[in-house]
Ligand code: AMP
Ligand code: ZN
């Protein structure tokens, strides 16, 4: 945990978030500034800055977390099947465009067009 980290504060319940899922590994909530009809953030409960800090030892909890994402995406409005789907983005470091320094996976989906800044150029 990091005292001043906004996402650690969400994990601790110190600031509000529209949480849609939580388990032993992660918390998933709506992005406050959505780039698409569905825009969730999946974060580990413990403080990890970015994918640059992940090692092979993190594979177990990270694998569990990633394997839960498809169901969470569909349960929260992403369209099913090959005609639907979603995008997962983990901005990492300055060059990656990361603004909040607690690892997070953007889960972006819903019927196009998507207009938000995060998805416009990629
Ligand atoms: P990134 O640029 O990948 O670090 O993205 C950070 C994301 O966190 C942005 O999409 C913000 O809209 C989102 N965000 C920042 N603060 C909050 C918050 N308190 N609750 C929900 N989403 C947030
Ligand atoms: Zn944190």
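Laboratory data are not the source of any read-out in this text; all were calculated from the coordinates shown. This structure is a prediction, so every number in the text was calculated from the model and none was measured. With ideal geometry, Cβ positions are generated from the backbone for all residues, glycine too; neighbour counts draw on all protein chains shown.
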Which of 40, 103, 74 moves most in a GNM of the chain, Cα contacts under 10 Å?
74
Ellipticity estimate at 222 nm from DSSP helix runs (n ≥ 4, -39,500 (n - 2.57)) divided over the chain, nearest 500
-6500 deg cm²/dmol
Would you calculate the separation in nanometres between label points at residue 66 and residue 115, each defined as 7 Å from the Cα along the Cα-to-beta-carbon direction?
3.3 nm
For segment 28-122, convex hull volume per residue from C-alpha positions, Å³
108 Å³
Ranked by GNM mean-square fluctuation in the chain (Cα springs under 10 Å), the top entry among 98, 22, 52 is 52
Among 73, 36, 56, which one moves the most in a GNM of the chain with springs linking Cα atoms closer than 10 Å?
56
Relative contact order for segment 6-109 using alpha-carbon pairs under 8 Å, separation at least 6, rounded to a whole percent?
32 percent
Helix 59-75 axis, angle to the chain major axis (alpha carbon atoms, nearest 10°)
30 degrees
